[in-house]
Amino acid sequence: MALPVLGVLPQLLAALREQSNAVLVAPPGAGKTTAVAPVLLNELWCTGEILLLSPRRLAARAAAERMAELANEKVGETIGYATRLDTRRSTRTRILVLTEGIFRNRIQADPELAGISAVLFDEVHERSLDSDFGLALALDAQAALRPDLRLLAMSATLDGERFSALMGGAPVIESEGRSFPIEIRHLGRSAEKRIEDEMAAAIRRALGENEGSLLAFLPGVAEIERTAERLEGLPADLHRLHGSLEPAAQRAAIAAPPAGRRKIVLATAIAETSLTLDGVRIVVDSGLARRPRYDRGAGMTRLVTERASQAAVTQRAGRAGRQGPGHVYRLWEAAANAGLPRFDPPEILEADLSALLLDCGLWGVADPRSLRWLDPPPAAAVEEARRRLLALGAIDAQGRPTSHGQAIARLPLSPRLAHMLVEGVSLVASMGSSTKIWRSVRSSGRRSA
């Protein structure tokens, strides 16, 4: 079956020939992640490399591997990927799939993006801080240095007009999605029982009532492991799927099961978007999600378990209808749907902005609100971050990074933890030097005696 996005590609190509920016709205299953970048390679303006930004390492690898498979190549030839601690590319690579954090580092090191013809921001509706910041930096670089650079924002939800306004009135191209009918059943759950017991029971029931493989959404790794313990002995292949797994285990969870076998995939929210899990016809949803939330009172970011949003549970349900008619089991009452938050809030409105402010200083911008944002960073959060960076000695009074600030910015840690590490290394080094001096003095004293 042809991917729905193929029907709007001529319109998208025409838009990018006439101007530098565009917005593509395509629901899950339309094929935007894997179909758009390859066709751009044939455009006259595309003489360099295409960067495709993905919100997660797992999705980046999977997208690159799928595009390479469709091109009858190995990953790392025309199509490669770059994630933390894992890169597959060569001198032949023209499409590079990379995570948003990797792109942020790359554009800060090379604001001109030399040799890059286009940057594609996939799943921009997720509104991660790295995605919003990367787009802000790309727009700034485009305006000042690279008017020829093509920027394409790709979203699965109908917020394309907001991105269009942000990107200078860029045309919005909309594609239909591809999904099959799904049947949704609300099971509810007892508040007194552990979520693992309720999920295991729902999974056993769903497998008994339907055919096909099953995808279950749980809030975190601990719940996945405890649910897996309760499912031992089922006649199905059991897989975990979360960000800390080895790539081989992640690939096994995504791949189709062997002929005649069913699989159960216990996943975090990592499986909500960007991925198609072969063979899945059943989804069991706990209705929970674990997200980072910044506690301004404590000055720390914590992981909290809370109800998933309406947008998230809709995305999860759609996984059952990617390749055929599906069935969805939800562990809450139907009446509770209206009480779910509509969307996950943009990370920029709730996060600690210390790292963002320091990165903006490295970019040469003292006030991040001078960049172009879909939702500008809150003034109170910016001021709090400024006070913290000043206390750490990371910036000066004008907001420019100090040498210490540049040192901590190079570490993949929050400014506070990076400051502790850099200071600790300096302290150990100074203690080592003092010890050597003291030993030398003592040795000299003994020799003179």
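The values are calculated or read from the model by the stated rules, or taken from the named source; none is laboratory data. Since this is a predicted model, take the numbers as computed values, not measurements. Cβ coordinates were reconstructed from backbone atoms using ideal geometry, including for glycine residues, and neighbour counts include every protein chain displayed.
A few notes on this one:
- Just one of the listed residues (Ala249, Ala267) is out of contact with any Leu (no Cβ under 7 Å at 6 or more places or on another chain) and either modelled with pLDDT of 90 or more or β-branched (Val, Ile, Thr) (or both), namely Ala249.
- Candidate set: the stretch 370-407, residues that are in a helix (DSSP H, G or I) and in contact with a strand residue (DSSP E or B) (Cβ under 9 Å, 6 or more places away or on another chain); chosen: the one surrounded by the most Cβ atoms within 10 Å (Cβ to Cβ): Leu389
- In the stretch 331-348, the condition of being in a loop (DSSP other than H, G, I, E, B) and among the acidic types (Asp, Glu) is met by at least one residue.
- From the options Leu349, Leu413, Leu417, Leu331, residue that is in contact (Cβ under 8 Å) with a residue 12 or more places away in the chain and more than 30 Å from Ala200 (Cβ to Cβ): Leu349
- Highlighted here are the strands (runs of 3 or more DSSP E) found entirely within the stretch 117-233 that include at least 2 residues which are of a type in the set (Gly, Ala, Ser) and assigned by TED's automatic domain parsing to the domain that holds Arg281: 213-217.
- All told, Gly297 meets the bar of being farther than 22 Å from Glu196 by Cβ and either in a loop (DSSP other than H, G, I, E, B) or among the hydroxyl-bearing types (Ser, Thr, Tyr) (or both).
- For the stretch 259-284, a residue qualifies if it is in contact (Cβ under 8 Å) with a residue 12 or more places away in the chain, on the phi < 0 side of the Ramachandran plot and in a loop (DSSP other than H, G, I, E, B), and the qualifying residues are Arg261, Arg262, Thr268, Glu272, Thr273, Leu275, Thr276, Leu277, Asp278.
- Pair list, Cβ under 7 Å, 6 or more apart: the stretch 207-222 residue surrounded by fewer than 16 Cβ atoms within 10 Å (Cβ to Cβ), other residue part of a loop (DSSP other than H, G, I, E, B): Gly220/Thr268
Rundown of residues vs (1) surrounded by 14 or more Cβ atoms within 10 Å (Cβ to Cβ); (2) at pLDDT below 95; (3) within 29 Å of Glu229 (Cα to Cα), yes/no style:
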site: Ala143; (1), (2), (3): no, no, no
site: Leu151; (1), (2), (3): yes, no, no
site: Arg162; (1), (2), (3): yes, yes, no
site: Met167; (1), (2), (3): yes, no, no
site: Ile173; (1), (2), (3): yes, no, no
site: Glu176; (1), (2), (3): no, yes, no
site: Phe180; (1), (2), (3): yes, yes, no
site: His186; (1), (2), (3): yes, no, yes
site: Ile195; (1), (2), (3): yes, no, yes
